[in-house]
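*Asks:* First the structure, which I've put down as structure tokens, then a few questions once you've had a look.
No value in this document is a laboratory result; all are computed from the given coordinates. Owing to the predicted nature of the structure, the values given are computational and were not obtained by experimental measurement. Ideal geometry is used to build each Cβ from the backbone, glycine not excepted, and the neighbour counts take in all protein chains shown.
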Amino acid sequence: LVGLNSTLNACASCGLWNEALELLESMERSFGVKPDVRSYSSAMAALEPSGQFEKGLELLGKMKLEGVQPNKFTYSSLICACSKENRWEKALEVAEMMEAEGVVGDVVSYSALIDALGKGRQFERAEEVLEGMRIVKLKPNVITYNSLMNALGKAGKLEQASRLLRTMKKHGVKADATSYNSLISACAHNNAVTMAFEFLREMEARNIGVDIVTLNSALSVCMKAKTWKSAEKVFESFQERGIEPDIISYNTMLACYNQGKQWKRALVLLTSMEDRGVAPDLISYNCVLSVLDKNEKCQAALELLRLMSTSDSAPNPDVVSYSCILNCFKKTSRADEAVKLLKTMESEHGIKPNAYSYMAVIDACDRCGMSEEAAQLLEVMRLRRQEPD
RNA sequence: GUAGAUUUUUACUGCUC
């Protein structure tokens, strides 16, 4: 049983929810072992977004039928599953069930609930739960605060988020890198460049290790603020700090160049990331295609697209890649080429155009006085919208 | 010998403010 439970955990940490569920189902049949509360809880922890949460409730019902009593681990996993699916009402329901069954929550279950409520933008309820912890004499920890702080920041409530940083300090909970990373990321969403760099300095002053997520978040701040030059400074600081940029760092830097319309620099970075052993992915390429589109560099964009389709190491283009080029054709009034590419993207590459692709081509036709083609395409788009994916 | 919670990236769109 212990071995099987460990395997279930391994599935959970690798995101193999399907395997976890299958293993749980077959435990008794194949190994003659009845799943215990840990088995069920682990399987629930493996659940991923998109409808999996209902599965969790099923499992809960099943374990009760089998006479296995759910415990706080079971319920925390379930609350977490609700959070992943952005279902704060369900998370509250689960918490109520838990209480009704006399299962006493701990700091983890409370934190999970606060996280679920925060992600659902139910800040007052989240604060109430935080307050409730005090009543039952549970001390919120750094993760409890981080969960709420992150949610507040994402919702644009930067002031409240940084107030929470002071609150946790007051209660003797030391902020960690994740706390600051959330705040810096919040600055990105609120276009608060100055404050972001203040947080960065504060981390250093308090000896809280700046990590790769910190720097990536700082890059994201620069991207949102459209300041590619300060992004370059952050990017240079990776080396000074002995941190190797990862694919996210490069992609965010590319996004900064995209915002700043720096297509030449973007192309250089795309090459240099490859040289430094970080293989550009679809996001990297799409970002460069986007900046080429912004600068109306259709030819260069087409070449890059061709490279993506033919090279073994490059990712295959998707609908976003094609749409960038279609949009570029639109801006440069190259309706014929747009129509041609729209056809080949599906017929030769199996990529179904979306509404954005169609609209680019339709606009291109309009611009070039090809109103008949435009009307036809509009009709095709309407008809295809009814089709199942 | 086994289980649960928090942070970062792309064209457009949508959601929220």
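*Asks:* Once you compute Rg and the Kirkwood Rh from C-alpha atoms, what is the Rg to Rh ratio for region A:169-277?
*Replies:* Values: Rg = 14.3 Å, Rh = 14.2 Å.
Ratio of gyration radius to Kirkwood radius: 1.01.
*Asks:* A further question follows. For region A:3-132, what relative contact order do you get, as a whole percent, if you take Cα pairs closer than 8 Å and at least 6 residues apart? Walk me through the numbers on the way to the answer.
*Replies:* On the way: 169 pairs, mean separation 24.9, N = 130.
For region A:3-132, the relative contact order is 19 percent.
*Asks:* Then there's this: So how strong a dipole does region A:292-389 carry about its Cα centre when Lys and Arg Cβ are +1 and Asp and Glu Cβ are -1, to the nearest 20 debye? Don't skip to the answer; put the middle values down first.
*Replies:* Working: 13 positive and 16 negative charges, 41 e Å.
In total the dipole reaches around 200 debye.
*Asks:* Can I ask one more? If every alpha-carbon in chain A counts as one equal scatterer, what log10 I(q)/I(0) does Debye give at q = 0.11, 0.12 1/Å?
*Replies:* Listed by q, the Debye log ratios stand at -1.01, -1.11.
*Asks:* When the helix-only estimate is applied to chain A (DSSP H runs of n ≥ 4, each -39,500 (n - 2.57), divided by the residue count), what is the mean residue ellipticity at 222 nm, nearest 500 deg cm²/dmol? Let's see the in-between values first.
*Replies:* On the way: 22 runs with 287 residues, N = 389.
Dividing the helical sum by the residues of chain A leaves -23500 deg cm²/dmol.
*Asks:* Next question. Could you work out the relative contact order of region A:132-290, using alpha carbon pairs under 8 angstrom and six or more residues apart, expressed as a whole percent?
*Replies:* On the way: 202 pairs, mean separation 24.6, N = 159.
Rounded, it is 15 percent for region A:132-290.
*Asks:* Can you give me the three principal axis dimensions of region A:270-319 from its C-alpha atoms, in Å, biggest first?
*Replies:* So the three principal-axis extents are 30, 19, 16 Å.
*Asks:* Just name one of A:Phe199, A:Ile325, A:Gly369: the one whose Cα is farthest towards the positive end of the charge dipole of chain A (beta-carbon charges, Lys/Arg +1, Asp/Glu -1).
*Replies:* Farthest towards the positive pole: A:Phe199.
*Asks:* Here is a further query. In debye, nearest 20, what is the charge dipole magnitude of chain A about its Cα centre with +1 on Lys and Arg Cβ and -1 on Asp and Glu Cβ, if you could check? Please list the in-between numbers first.
*Replies:* Details: 47 positive and 51 negative charges, 260 e Å.
It comes to approximately 1240 debye.
*Asks:* Given the options A:Ile208, A:Ser179, A:Ala155, identify the residue whose Cα lies farthest towards the positive end of the charge dipole of region A:138-248 (+1 on Cβ of Lys, Arg; -1 on Cβ of Asp, Glu).
*Replies:* The one lying farthest along the dipole's positive direction is A:Ala155.
*Asks:* Another question, then. With an 8 Å Cα cut-off and a minimum separation of 6 or more residues, compute the relative contact order for chain A in percent.
*Replies:* Details: 536 pairs, mean separation 25.0, N = 389.
Normalised by residue count, the contact order of chain A is 6 percent.
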